[in-house]
Each structure stands twice: as C-alpha cells, then as structure tokens.
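This report refers to the structure that appears directly beneath it.
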Amino acid sequence: MANYSTNEFKSGLKIMLDGDPWAVVENEFVKPGKGQAFNRVKVRNLRTNRVLERTFKSGDTVEGADVVDVELQYLYNDGEYWHFMDPQSYEQLTADAAVVGDIAKWLKEEAICQVTLWNGVPLSVAAPNFVVMTIVETDPGVRGDTSGGGGKPATLETGAVVRVPLFVQNGEVIKVDTRTGEYVSRVKE
Amino acid sequence: MASPAWRPSADLATLRLRAELLQRIRAFFAARGVLEVETPVLSAAAVTQPHLASFATPYSGPGSRHGQTLYLHTSPEFPMKRLLAAGSGCIYQMARVFRDGEAGRRHNPEFTLLEWYRVGFDADRLMDEVTELVTALLAGRLTLEEPERLSYRELFQRHLDLDPHRTSVAELAAGAARHGIPIPPGMPADDADPWLDLLLTQGIEPYLGQGRLTFIHDYPASQAALARLRPGDPPVGERFELYLSGLELANGFHELGDADEQRRRFEAENVARRARGLPVMPLDESLLDALAAGLPDCAGVALGFDRLVMLAAGKDAIQEVMAFPLERA
C-alpha cells in the first residue's frame, strides 16, 4: 500500500495506525510561527468505530490501509459464518459475527449489501437502507383500526422484530428502514 | 465552501472591513511619524530557520546569464533592518509574504504581514504600542479586558506545571501524556524545542488571549530567533508573542544587532537544516554587513494582518477573510 504524507490527509482517507485500519475524519494544520508544524487529526477505527485524536509532525508519512467498499450478494448463514458472493466474479467471502454485528437481522438471502474489505477480507457489512420482508408472526390486529398509533410487534423472516400498525397481518410483506428499524409500508406481492 | 470556485471565499462586507483596517493602520503610523516602506519580495538570500520554508523561483534575464534562484521572502525583516542601519528611522510595511507548506484554517501560504520597527524601543515599549494598535482596531468589535503579560516560563508553569527552561525531554513527554496530549511518532529525544512547540500548540494556545491580549515574553534562548539574549540564569531571548482568542497574532524582538552573533545563528540553523535533509539557504550577507555597520537599538514586530481581520470580522477560518486563498488562487 502507498504511504501518505500528512499533506494528503483529508476526510475519508484510510490509513494504518497500530495495526488497525482507520479513516481520517478531520485534519487540522497547527504551527507556531517560528516552530514545529503539526497535524492534529481525528480518526475513526474502521473495525470498532471508535474515534480518537492523533498528532503527527507535518510532512511525516503514514502507511495507507487497503480498504475498499464492494457490493456483494448475501448467500446464507451456516450457523457460524455469513457467506457472501461477488456477483461479477462469483468469488465467495465469509464474515463472522464480529464483522456482521447487529445488521445480521436485516440480511435476507440474495440481498445485495455493501461490504467493506480490508486486505481483501470483510471488515464490516452495511445493510441496504430498506429491506422488504415477510411477517412470520404477529398477533391478529383489531379490524378497522387504521390509526397506526401504538402498533404491535411483528417477527420477520430473518428473526428481526419491528413494530407494525395493528392492521398489518401475519404473512404480509412489509418494507422496513434498517437505519431506524422502523416499519415503512406494506408491499403488494 | 459552497460558492463556485471563481467567486471570492470572503464576503464583500469582510473585504470592505479589510480595506478599512488597512487605512486605519496607515493612519495610525502616519500620526506617529513612522515611515511606510517597500522592500523586495524576491531576494537572492533567504531565511535559514528550519521551520520556515521559502518558495524559490528561477530568474533569467539581464544580469543573470545562466539563471539565478530567487526566494520569495517569508517576512520583510532583513531588508527593513538594512534600511534601519542606513538611517531610515522608524519604519513599517504592509508586506505580502510567502511560506511554503503552510495551509489550514489559520494558514495560507501567501498572507499579509504588518511589520514595524521602532528605534529606541525595547520589547516592553513595543508591546505597549502593539496593544494600542490592536485595541484601537478591534474597538467596538471585541470587548477586551486589560492585557496580560506572562513570561514563557510562567506560561508553562501556570498551564502545565512544567519549567520550560529546566525540564528534560523525558519529563516534557511525561507532561504531555499527563495532560492528555497525543504524542506524534518520531519526536526527537535530544531536542526540547519540538516538545515545547507541541505542548504550547496543543496544551496552552487554545486557552490564550481569552477576552484579552496575552503577551508571552522571555523565550528560551534556543527560540530567540533574531532577538537579543538577556544574560541571566538561564539567559532568555528578548522575544515576545501576542495571542488573542487562541490565535497567534504577532511576534516581536528586541532586535539583535551583533553581526557576529547573527552569523553564528544563521550558520547553526543551516547545520540544523542539513541534518534534517532540508536545503541549506544562502545567508543574507547584506543584512550581516548592515548589522556590522551598525543597527540602531530598536525593537520590531510582525503582525498577521489576515488573522487580525478574522478576529475583527468574527470569522473562524483565514479563507473567510481573503478574496482568493490557495484553493481559489
């Protein structure tokens, strides 16, 4: 991987620090008129999302991190690993629970997901902003109630639980916003 | 910056304020009988301080058959001292100066320095005049309490409980860690000055000049630059800096007039440059000749005009007070 000088630091640049990949969030040039120049840099750990401040002498170089975002198709979960496939090359990649994290409940087979790779290995997985899923379990609602207030829990095919309006029934297909975990609408099959 | 790149990054009200402040500065010095001068931007010699990088440009033409490197000045200090040695009396200049490698929220590689010299003044008297000028220019825009003056030692003792003159590199490093200041990789083990710069910029500067002008004076001898040394234990450089609202605004000296001492400092700086793999700069022999001929006892100061406009206009970034900063130049 190329090395980057502090002069090339800008928001989004991926660099290696202490053996981990980080993204530059902010970069500030600080220099006393007659003294040593520094770059005060805010960085985000791409594995843990932790944000911290680091300081460099201006002009020093840091190793770049080989981090890329790719679109992969989610295939299946074998109980331990989540399997993905590159739809162009058919190359398969696996990710464990530490990588997939909380978004596992939004992964539906054959969905296209954005996967961040570090040295070719999945580092994190982002769910699509919206998913469409079938309700596999919810209490029968009260007929005629269309107010949407209150609602009730509904379990989806992946095991995710969302609140849905009372009129939404078992077996129906709904659209969910994965960023908020909220019901958006019913979807006609 | 959202506006199209051809447009100025400063708004027109700020550009009008710039013009007004320039006029008032000229009136301030005219009323005091200080002469406005102009000196070359391009010079055959250049500053030797390792932390200042000069732009270089080739000149070819009459008088230089094989081409000659000329340097854009980082401040007009050297030729202004030649004028002083030639008997100019008190002088000032609004100079556009150039410093390679400096760009950020508070830096643009090309900026405006107000630099002035007062014959017969020492650092204390010049700090008084800086206070009068800055207070007058910011009147009605910033409410300021009485200025404070702290020695470099008092400053470090107050903010970090460290004595900058007597503390080892290891203790400075421990002090930085104790105050939660991230330590950059590759800091030297045998040179305290970068550590002092780190502590000053990260641990002290943001708190300086809050609601008042803060002057720092009596710098470590190693940071005297072009200031006289005052003997003592330890000897200190008769240098001062002004901070306001966490911004470094001005740097002044009780000017060194000893040509031999000045040559020794230039040469030591070039040695430090060579050690860091930086280009060695040609010494300003005309300045050294002028000092040898006799510089009147004087004090001088350089004030960052753009930063002053930032404070007057209440702007956070230097790009907001310049029509066309680096990104749009």
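List of remarks:
- Loop sites in the stretch B:1-87: GluC sites (Glu not before Pro), DSSP, at most 13 other Cβ within 10 Å: B:GLU38
- Stretch gain in nm, segment B:ALA323-B:SER168, where the contour uses 0.36 nm per residue and the Cα spacing is subtracted: 51.3 nm
- Anchor A:LYS42: aspartates and glutamates whose Cα lies under 17 Å away (excluding residues fewer than 8 positions away in-chain): A:GLU8, A:ASP18, A:ASP20, A:GLU26, A:GLU28, A:GLU53, A:ASP60, A:GLU63
- Across peptide B:42-50, the mean count of Cβ atoms from other chains lying within 10 Å of each residue's own Cβ comes to 1.
- At an R0 of 41 angstrom, the distance between the Cβ atoms of B:TYR207 and B:ARG276 translates into a FRET efficiency of 0.85.
- Candidates B:ILE318, B:ILE216, B:ILE204, ranked by Gaussian network fluctuation over chain B, Cα under 10 Å, top entry: B:ILE204
- Counting, for every residue in A:22-33, the Cβ atoms of other protein chains within 10 Å of its Cβ and taking the mean gives 5.
- Here the protein assembly as shown is treated with +1 on each Lys and Arg Cβ and -1 on each Asp and Glu Cβ, and its dipole about the Cα centre works out to around 1180 debye.
- Shape of chain B, Cα gyration tensor, a/c cut at 1.5: rounded
- Helix-only CD estimate at 222 nm, as mean residue ellipticity for the protein assembly as shown, using -39500 (n - 2.57) per DSSP H run (n ≥ 4): -6500 deg cm²/dmol
- Other residues whose C-beta falls under 11 angstrom from the C-beta of B:TYR71 contribute a net charge of -2, scoring Lys and Arg +1 and Asp and Glu -1.
- Modelled spin-label separation between B:ASP122 and B:LEU42, with each label point placed 7 Å from Cα along the Cα-to-Cβ direction: 4.3 nm.
Laboratory data are not the source of any read-out in this text; all were calculated from the coordinates shown. If you're wondering where the values come from, they're calculated on a predicted model, not measured in any experiment. We place every Cβ from the backbone using ideal geometry, glycine too, and count neighbours over all the protein chains shown.
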